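Heads up: the structure comes next, in structure tokens.
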Amino acid sequence: MFDWIQNFADWLIYSVFDIGADTHLGTALNFFIYDTIKILILLFLIVFLMGILNAYLPVEKLKDFLHRKKLYGLEYFFASVFGAITPFCSCSSVPLFIGFVQGGIPLGVTFSFLITSPLVNEVAIAMFIGMFGLKATLIYVGSGILLGTIGGWILGKFNLEEWLSEWVKKILGSKMEQDGIDQEKQSFRQRLPEITQGALDIVKGVLIYVIIGIAIGAAMHGYVPENFFGEYLGGGQWWTVPVAVIFAVPMYANAAGIVPVIEVFVAKGVPLGTAIAFMMATVGLSIPEATLLKKVMSMRLIGTYFGVVTLFIILSGFLFNMLL
Amino acid sequence: MTQIKVLGPGCPKCKTTYNNVLEALKQTNAEAEVEKVEDIEQMMKYNVLTTPVLMINEKIKIKGRVAQVNEIIDLLKN
């Protein structure tokens, strides 16, 4: 499917610019051109498809579904899946959290949503397909959803209600029935320009991170010797997973920037599981997110939340390394 | 007078929406009372889940994404 991009990159670098295929610069530039074009196409496609899905399944509808249906324990799983298909914006996480809890959805189920929402997002999915292929993408998405399901369920067992901020507890006390959604119905045709525009906006928004990420990746591809990291961070040492994850938690990086870099780490010998765990910790948990959540949770609750998610990311890293 | 509110906890998307509202008003020479709602407790009264939200005369018009200038102009006409 992407042969033509490779042909184009070969032609541009080796023929037009006349940089040899056997030089470091040549391979690095070729990799950069090929990856940038491929990723941008995938990014637009995936974001566009997610946009269509979201036009039909807005988060309000998903919340109603979780609230009204009896799901016999499956609500954690559904909340986690919904978190995966809802586009994530860190500035929405607090209103979402309050809205869910206010709408009568248990705290644990809300956490399932909150964990998966940044962990599995459309930008990361597109980058993963482009860099690691479909199988690794499915494993990443599947384990992200599983992580949210189990993490939320466990957090729900902790009776965390009393660790919410005072004003949130007050809202909980006065659960009000909420009005329906006040929005005009639109046909698919009417929505299409809006969805296309939205997809373009997202691609534009992450463009700079994609280019920087791929540039760093390309430079490393050309200059770092084969199996360089494998010697130091190979699968043999079990501690590489927890170390990678603990380093990544406070960091915040856009999935668009981080995936091209970890792809090189993998190509040069780091086990894929360690790399996926590192990425999940980077995009899923961060200091800026903790700061936002401080408005609705006590430090103790944030600590428990981060602790449980970190633990599960580490466990899933071990699991990937065994499976892949 | 038309009342416009932009709801959002101060993220970049919310700021863009606010600026787009000002731009739309400027282009149409319309007058309106524009308010930025950044306080979460205030925001939750409107029962929103995703931000930014654009409200005109206490009605939610666009939520969860940045409202474009020409969209706002269209909404203000009605």
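Structure above, values below:
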read-out: Residues satisfying the stated conditions in segment B:56-78, i.e. within 15 Å of residue B:18 (Cα to Cα) and facing chain A (nearest Cβ under 10 Å); value: B:60, B:61, B:62, B:63, B:64, B:65, B:66, B:68, B:71
read-out: Residues of segment A:57-76 satisfying the condition of being buried (at least 20 other Cβ atoms within 10 Å of the Cβ) and either touching a residue at least 40 places away in the same chain (Cβ under 8 Å) or more than 8 Å from every other protein chain (Cβ to nearest Cβ) (or both); value: A:60, A:62, A:63, A:66, A:75, A:76
read-out: Cross-chain or 6+ apart pairs with Cβ under 6 Å, segment B:31-51 first and within 15 Å of residue B:10 (Cα to Cα), then of a type in the set (Ser, Thr, Tyr); value: B:36/B:18; B:50/A:92; B:51/A:92
read-out: Residue match in segment B:25-47 (condition: facing chain A (nearest Cβ under 8 Å), within 13 Å of the chain's Cα centre (by Cα) and either closer than 19 Å to residue A:86 by Cβ or not aliphatic (A, V, I, L, M) (or both)); value: yes
read-out: Test: residue in segment A:225-233 that is at pLDDT below 80 and touching a helix residue (DSSP H, G or I) at 6+ places or on another chain (Cβ under 8 Å); value: yes
read-out: Residue count for segment A:14-32, restricted to those that are aliphatic (A, V, I, L, M), touching a Phe, Trp or Tyr at 6+ places or on another chain (Cβ under 9 Å) and without any contact (Cβ under 8 Å) to a residue 40 or more places away in the chain; value: 1
read-out: Identity of the residue in segment A:77-94, free of Cβ contacts under 8 Å to residues at least 24 places away in the same chain and within 12 Å of residue B:50 (Cβ to Cβ), that ends up farthest from the other protein chains (Cβ to nearest Cβ); value: A:89
read-out: Only listed residue being at pLDDT 80 or above and either buried (at least 20 other Cβ atoms within 10 Å of the Cβ) or under 21 Å from residue A:115 (Cα atoms) (or both), chosen from A:5, A:39, A:52, A:19; value: A:39
read-out: Residues of segment A:282-324 satisfying the condition of being of a type in the set (Gly, Ala, Ser) and modelled with pLDDT of 90 or more; value: A:303, A:307
read-out: Any hit, segment A:23-31, residues being at pLDDT below 80 and part of a helix (DSSP H, G or I); value: yes
read-out: Some residue of segment A:4-20 being aliphatic (A, V, I, L, M) and within 14 Å of chain B (Cβ to nearest Cβ); value: no
read-out: Residues that are buried (at least 19 other Cβ atoms within 10 Å of the Cβ) and within 13 Å of residue B:56 (Cα to Cα), drawn from segment B:1-16; value: B:4, B:5, B:6, B:7
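The values are calculated or read from the model by the stated rules, or taken from the named source; none is laboratory data. Computed from a predicted model, the values in this text were never measured in an experiment. Don't worry about glycine lacking a Cβ; one is built from the backbone with ideal geometry, like all the others, and counts go over all protein chains shown.
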